Amino acid sequence: MTTRYFGAPVQRVEDQALLTGKGRFTDDVKLPGTLHAAFVRSPYAHARINGIDADTARTLPGVKLVLTASDLPTQVRGKRILLQVPNPAITEPLTQMPLALDEVCFVGEPVAVVIAESRHLAEDAAEAVFVDYEPLPIIGDLAAAIAADANPAHAHRSDNIAARIQVGYGDVALAFQSAAHVVSATLPQHRGTGNPIECRAVLAMFDMVHDAFTVWSATQAPHGLKRALVDILDIPDTAVRVIAPDVGGGFGPKLQVYPEEIVVPICAKLLGLPVKWIEDRREHLLSTVQERDQIWTMHLALDADGKLLGLRGQMLHDQGAYVPWGIISPYISSVTVPGPYVLPAYKLETLVVFTNKVPTTPLRGAGRPQAVFAMERLLDHAADALGLDRAEIRRRNLIPTEQMPYPVGLIFRDGKPLVYDSGDYPRCQALAVEKSGWETFPERQRAALAQGRYIGQGIANYVEGTGLGPFEGATTQVLPSGRILLRTGSAAQGQGNQTVYAQIAADAFNVDITQVDVEVGDTASIPLGVGAFASRLMVNVGSSVSISSAAVVKKLKQIAAARFEVSEDDIELADGTVRVAASQGGALTFAEVARMTGGMPGFSLPEGIEPGLVSTHYFAPPQAAYANGSHVAEVEVDPETGMIKVLRYIVVHDCGKVVNPLLVEGQIQGGVAHGIGNAFLEKMRFDEDANPVTTSLADYMLPDAGIVPKVEIYHVESPSPLNPIGVKGAGEGGTIPAAAAIVSAIEDALKPFGVRIDEAPILPERLCELIDEAAAGNALKETA
Amino acid sequence: MHHPITLTVNGRAVTAEVEPRVHLADFLRHQLNLTGTHLGCEHGVCGACTILVDGDAVRSCLMLAVQADGTDIVTIEGLQESDGTLNALQTAFRKHHALQCGFCTPGFLATLTQILRDRPEIEEDELRGELSGNLCRCTGYSGIVDAALEVARGLRQGGTAP
């Protein structure tokens, strides 16, 4: 196999259409006669529904249908959406109903839907659906929700504990007994939002001839949505096709199956016409899942040299009102904490807590940013306590590369022992320290301070379980035209999946990349699929493309070898032909072989060869592949205004083999931008009644071009031994340690004030408060 | 109640009847089927729907279709060279990986088309400030900035505006 494309900065095959307005996002799919949906949503965080009067709405112009929970088809009524990731620790598998029946548990929960000739008319009529709500006691605050007498987030429950998770290993008690130093911290971290620029979207039609649905959705997991529809509608697997066309960003939240994706197909069948619903930004901020609200209370034991002895604590995770994706995020948080460090003993008790807020599920990083924030903040505090440099205390504790593969002592979320497969953590940190000028920074910092400028650097390391199974498949086929077609059910949301898959196949067939077509995100193209999450597609689909392409190449060679009566070793692929190497005679085009093997009467396949130039492979990795990295942030803070500017950002990143550096660097740059938002911009605010108040992009701040610097990126390649192409995931690493590195840098910049920051995000007004508190504390010390 | 409007869209004369409450982006997307213009927030913050109205970058979600009567509009569908190839800015976007999901891209292209035409001398800091009215959740902006600066350099050296 040649390697002309693998590893090269190949420009994307996706770009031509997207740059010329020819992309096809869900709202761009136009079907004749399409009707439009508007949802009626709860204005209360918790209320009983005593009745719904939709009579007026039904009479309004253009209205075709109004549905409430009690109007749903009988097989759906009272059912909840399939819980896709069950776990025995979940106390009650509460997922949403397609429409709330008698109780609403967060602001924005759908209660009814209006279908009309236009979205305008549907929204007009939605205003006329009168819901008789009886407000119920609300629990919005995570810390308060675990109290014995807390208001229950669900009226029928006696408490708010959605799950208890305990993880750990080693003798923690002994570690603390023998410790020379113990540092402790309480670390509240805030939920953020996905906010892809394309909101959610769904279009459904029902084909009465075939008794089957076709659903277009801006989803990360077409097969997941298909499973949920099959389950709740109680229909055969063959009666639903889900297509994720171009999807305008995902970042985790589009992985979930939402009520709208169930209700819209139901309406399309009832009306016999296509129905479309496009989420608006307010709905996105109300009803699309969020992540990250956690409170960590942690204690770290160290010896006199700063070596870690043990870590223990408790974490509270705000689950919101439902558990649509089980307890994956808090579980990942709990097993990500040890990171790249030798940690002899660890014990964490996690409480997953229901509140009357929109549910939380994985968002870029999926529980890892909080865990890394907790560990890295503790290490900074320990460095302060021991009088060590922050990079030095880390260096002393990094897992030596000779110890790879390294068993951590925990079980990862894939149910497999958490074993780091490869990596060179000391080298990554050393490179980050070198490239950031870490060792000479204190001089720059002093010089800046002399000019009245507060600059600081912060460092953070992480290890990320990527490439999770159970599997993802791909089909490679040589078409009768001679072109190569790749198909996978997993959807793409901008990562450049089509390009990297095409790179792998183009190398295998020794053709130009323009000879390869890639179809993603259609359940009709492959029977089984899992979805785009957990930085898993390069490992799973990339490996499947590699293996299925190799199988088709082998078949081409076998057929040509039989035809020309030479050995397979004498056959080569070049210029879209399969031919006898180093000879003038004997060549078949891919097109000829495809036509012969595709059912041409009179052509018999060589013995043992199956029909068609096609192969499907489902790669199932033995366990997760662990990527890692070291980030250094450099910031300037204005202590008067609390404004923060990121001056430089250095990333050393190891995702195993880099298939396309242009794309991997794009993932890192974009991931860091998301992390910058989590560090000091993005705050989803709720009032005391758990009403969201940041429901526009004017209120919820996303990072813009003036805020995000160009990230300086360095690659270290430790190939994963766990898949045939040596790759690990790269989609989330940019985000994971960013808040930790930036907050560390802010704290460093404000050293003259003695400010300690144990929370994220840190918004300007909060930073000013902390500066004032620190100043007051210092004044008190001076008086004493 | 519908109002008649007449305008030019990507060089073609268009006459249409529009409802007063239909905004310009919906008119382009749903009445003219020019779905390359995307809606990200419909409240004027994200900039995804930015198009060129009489040469100026304008948020088409904040303008009603009736207000576009008599205007000359260019959308992403009208940015390519006359032979259908990508223009300099589009080419630079591809080269610098300035787009991932591509949903915000039409707005960035429109905003930058005006900036590069009016101020090819623009430097990075100022460019970043100008671009703060367009949000991208995927790229972290550096590819977009690099692409625009490369085109600006080309213009200063005598190239043609995109």
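Dipole check for segment A:413-457: with +1 at the C-beta of Lys and Arg, -1 at the C-beta of Asp and Glu, and the Cα centre as origin, the magnitude is about 220 Debye. For A:K269, a cut-off of 17 angstrom between C-alpha atoms picks up these lysines, skipping any fewer than 8 places away in its own chain: A:K64, A:K226. Neighbour counts of other Cβ atoms within 10 Å put A:V516, A:V13 in the fewest-to-most order A:V13, A:V516. With the simple model of a label 7 Å out from the Cα in the direction of the Cβ, A:E134 to A:K781 spans 5.7 nm. Segment A:395-470 and segment A:517-573 have Cα centres spaced 36 Å apart. Legend: calculated FRET efficiency, A:V693 to A:E565, from the Cβ-Cβ distance at R0 = 60 Å, rounded to 0.05, equals 0.20. Which of the three applies to segment A:20-141, rounded, prolate or oblate, going by the alpha-carbon gyration tensor with a ≥ b ≥ c and a/c under 1.5 meaning rounded? Oblate is the answer for segment A:20-141, as a/c is 1.5 or above yet b/c matches or exceeds a/b. Each Lys and Arg Cβ is given +1 and each Asp and Glu Cβ -1; about its Cα centre, chain A then shows a dipole of about 1100 debye. For the peptide A:691-697, the mean number of other protein chain Cβ atoms found within 10 angstrom of a residue's Cβ is 2. How about A:K657: which lysines have a C-alpha closer than 29 Å to its C-alpha, ignoring those fewer than 8 places off in the same chain? Of all the lysines, those that pass the test against A:K657 - Cα under 29 Å, at least 8 places apart if same chain - are A:K254, A:K416, A:K435, A:K554, A:K555, A:K557, A:K710, A:K728, B:K95.
Rounded is the label for the protein assembly as shown, because a/c, from the alpha-carbon gyration tensor with a ≥ b ≥ c as root eigenvalues, stays below 1.5. Estimated from helical segments only, the mean residue ellipticity of chain A at 222 nm is -8500 deg cm²/dmol, where each DSSP H run of four or more residues counts as -39500 (n - 2.57). Peptide B:125-138 shows a mean partner chain C-beta count of 6 within 10 Å per residue C-beta.
Ordering A:P719, A:Q667, A:G677 by the projection of their Cα atoms onto the charge dipole of segment A:575-733, which places +1 on the Cβ of Lys and Arg and -1 on the Cβ of Asp and Glu, puts A:P719 at the extreme positive end. Neighbouring Cβ atoms from other chains, within 10 Å of the Cβ of residues in A:247-254, number 4 on average. The angle between the Cα long axis of helix B:142-156 and the main principal axis of chain B comes to about 80°, on a 0 to 90 degree scale.
Cβ-Cβ distance of A:H181 and A:Q75, R₀ of 60 Å, FRET efficiency by 1/(1 + (r/R0)^6): the value works out to about 0.45. Mean sequence separation of contacting Cα pairs (under 8 Å, at least six apart), scaled by the length of chain B, corresponds to a relative contact order of 24 percent. Candidates A:M596, A:A173, A:G585 compared by Cα position along the dipole of chain A: farthest toward the positive end lies A:G585, with charges placed on Cβ. Using r as the Cβ-Cβ distance of A:R58 and A:E765, and R0 as 51 Å, what FRET efficiency do you calculate, to the nearest 0.05? With a Förster radius of 51 Å, E is 0.60. Note on the protein assembly as shown: dipole from Cβ charges, positive end direction compared against B:A48, A:G467, A:Q11; the farthest Cα belongs to A:G467.
A short reminder: the numbers here are calculations on the coordinates, not readings from a lab. All values reported here derive from a predicted model rather than from experimental measurement. Note: ideal-geometry Cβ built from the backbone for every residue, glycine included; neighbour counts use all protein chains shown.
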